Each structure stands twice: as structure tokens, then as C-alpha cells.
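Reviewing the structure listed below.
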Amino acid sequence: MLTRRIIPCLDVRDGRVVKGVRFSGLRDAGDPVELAARYEAEGADEIVILDVAATPDQRQTCCETVARVRASISIPLSVGGGVRALVDAERLLSVGADKVALNTAAVRRPEILRELADRTGRQCVVLAVDAVQWAHGWRVAVRSGAEHTELDAVEWAGVGEALGVGEVLLTSWDRDGTGDGYDIALLRAVASRVRVPIIASGGAKGPAHMIEAFEAGADAVLAASIFHDAAMSIGEVKDALAERGVEVRR
């Protein structure tokens, strides 16, 4: 069995880590370089940086922040937010990102996923799906949750896989920052649709929620608040998961 990945998420705005609920009410959570280094020391398997203001502000992801974080860690680094063209993705890879996550740009022009996969290899391309629950399933949200589309989130994940993405970062907009646990029904639906790895995001409060996500088909779990607020360290989370029989990298 492959080891399960524990991935802290750094939502960044203006060079600082922020956290809110359902992508709003953002509060300062610290310096991204300090947090990334701390999380690696605690045993994080990867780090994800999402520039939550880049797309709404119609600007590029801050490469300086990405470069500073890369200089402080050796584990894999994924970056998203503000990627509108191939040149934006290539710029992030050139300053130290291992993978680039796309959401709004991919919805606007899906072919960018194939073009980037052809250019860099599918292992570098992550489809970020922000899913909003509605009466008949889930729809895709873009522009950091500000715009809800008519696109079916489960079907969209399948399209992304067909276009060459190597991974799906699946975030429940409804659960983000709530501590109510991952959207298990959403995870199961997407896991039944795609074969590429799925990173579950949105709602984690502790190891029990992460175990539920793994059982629903997630290959990795993303979390922010529980680590930023020091409710549990990554090492403590991994210890708890290991005690429950989950294979984690120690």
C-alpha cells in the first residue's frame, strides 16, 4: 500500500499566510517561509501554496514568496493561484515549484491542461477543483470561490484527467475552514470517476476526518487551520493515523 500524504496548505495573500471560512473572513496566520520550514521539520510530506488573491486581483502569483519558501524546504512544493497562461506556470516551476495547480484558467480554457502536461509532464499538473454543493451534486467555483459556474465538479475532474493532469486537488467550498470534516460524498463521487491521485481539502479538524477521507478514496489530505492554530502537529497527526493502521511516511 502506498503511504498516505499529509499536506499543510498555505493560503497566501500579500506575502502572508491567511485563513478563513469558505474562502472569506481571512485572518493572518503567519509567515509562509517560517510555517513551511516548521511543517517540514514536523514531517509534512508536501507543501501547497495557494495565492488566494492573485486571480481576483488579476495578477500573477508572487514568485518571490514561492522562491523564498523553496529555499527553506526540500520536500515537494505545489503552487496555485493566478496561473492564466503557460508562461505563468513555467515561471513558477523555474523558481522552485514542483507542481502547478490550475482552476479558473482551466475552466476558461481547458486545453491549457493538455498543453502544460505536454510541456512539463503530467506529474507537474494539478487540477484544482473547488466544489460547491447544490441540489443535484456539486458545481465548480472559480476566482477563489467568488463565482459559481454551471460546471459539474465530478465530470470536470474526469475531463481534467483526460486532458492529462496528474492529480486532482479537490476542495469542498462548503466545508472550507469549518472543521466539520471533508465532504465524503464528494470524495467518493470523484474517486469513482478518476484514477489519478486525489488530495482531499476542506473541513479537516483532526485525524478521524482524515481517515474518513482516505477510506472514501483520497490519496492525500490537505489541512490548514489545525496546523496553523497548533491544535495538533503534523507528527501528532501521523502518530494518530499510524495507530489506526494508516500507512504514513515517518
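For the range 5-243, what's the relative contact order in percent, using C-alpha pairs closer than 8 Å and at least 6 residues apart? Spell out each step's value before the answer.
Numbers: 528 pairs, mean separation 42.4, N = 239.
Averaging sequence separation for qualifying contacts and normalising by length gives 18 percent for the range 5-243.
Average the reciprocal distances over every distinct pair of alpha-carbons in the chain, invert the result, and give the Kirkwood radius in Å. Could the numbers behind the result be given before it?
Numbers: mean 1/r = 0.0568 Å⁻¹.
Roughly 17.6 Å, rounded to one decimal.
Count the DSSP beta bridges whose two residues both fall in the range 5-243, then state the antiparallel fraction as a percent rounded to the nearest 5. Provide the component values of the computation, followed by the final result.
On the way: 14 of 44 bridges.
Here the share of antiparallel DSSP bridges comes out near 30 percent.
Could you pull out the GluC sites (Glu not before Pro) across the range 180-250 that fall in loop regions by DSSP (anything but H, G, I, E, B) with no more than 15 other Cβ atoms inside 10 Å? Please list the in-between numbers first.
Numbers: sites: Glu212, Glu215, Glu236, Glu243, Glu247; in loops: Glu247.
Within the range 180-250, the qualifying GluC sites (Glu not before Pro) (loop, at most 15 other Cβ atoms within 10 Å) are Glu247.
In µm²/s, what is D for the range 54-173 at 10 °C and 1.306 mPa s, where D = kT/(6 pi eta Rh) by Stokes-Einstein and Rh is the Kirkwood radius from Cα pairs? Before the final figure, lay out the partial values.
Numbers: Rh = 14.4 Å.
It comes out at roughly 110 µm²/s.
Of the candidates Trp134, Trp173, Trp156, which one comes out as most mobile in a Gaussian network treatment of the chain with C-alpha springs shorter than 10 Å?
Trp134
Mind checking which of Ser72, Ser94, Ser225 has the largest fluctuation in a GNM of the chain, springs on alpha carbons under 10 Å?
Its mean-square fluctuation being the largest, the pick is Ser94.
Mind checking which of Arg108, Arg193, Arg16 has the largest fluctuation in a GNM of the chain, springs on alpha carbons under 10 Å?
Arg108
Please give every one of the aspartates and glutamates within straight-line cross-link reach of Lys19, meaning a C-alpha to C-alpha distance under 13 Å, and leave out same-chain neighbours fewer than 8 residues apart.
Asp11, Asp28, Asp31, Asp51, Asp176, Asp229
I need to check one value: relative contact order of the range 67-119, counting alpha carbon pairs closer than 8 Å and at least 6 residues apart, in percent.
Numbers: 48 pairs, mean separation 19.1, N = 53.
About 36 percent, as a whole number.
Round to the nearest 0.05 the FRET efficiency obtained for Ala231 and Ala85 when R0 = 35 Å and r is the Cβ-Cβ distance.
Details: r = 39 Å, r/R0 = 1.10.
About 0.35, to the nearest 0.05.
Using the Cβ atoms and a cut-off under 9 Å, what net charge is assigned to the surroundings of Ser172, where Lys and Arg are +1 and Asp and Glu are -1?
My count for the surroundings of Ser172 gives -3.
In deg cm²/dmol and to the nearest 500, what is the mean residue ellipticity at 222 nm of the chain if only DSSP H runs of at least 4 residues count, each as -39500 (n - 2.57), divided by the residue total? Walk me through the numbers on the way to the answer.
Details: 10 runs with 87 residues, N = 250.
The helix-only estimate for the chain comes to -9500 deg cm²/dmol at 222 nm.
Rounded to the nearest 0.05, what FRET efficiency do Ala71 and Ser192 have when you use their Cβ-Cβ distance and R0 = 51 Å?
Numbers: r = 40 Å, r/R0 = 0.79.
Between Ala71 and Ser192 the formula returns 0.80.
Just so you know, all these numbers are worked out from the coordinates, no wet-lab data involved. All of these numbers come straight from a predicted model, not from anything done at the bench. Positions of Cβ are generated from backbone atoms using ideal geometry, with glycine treated the same way; all protein chains shown enter the neighbour counts.
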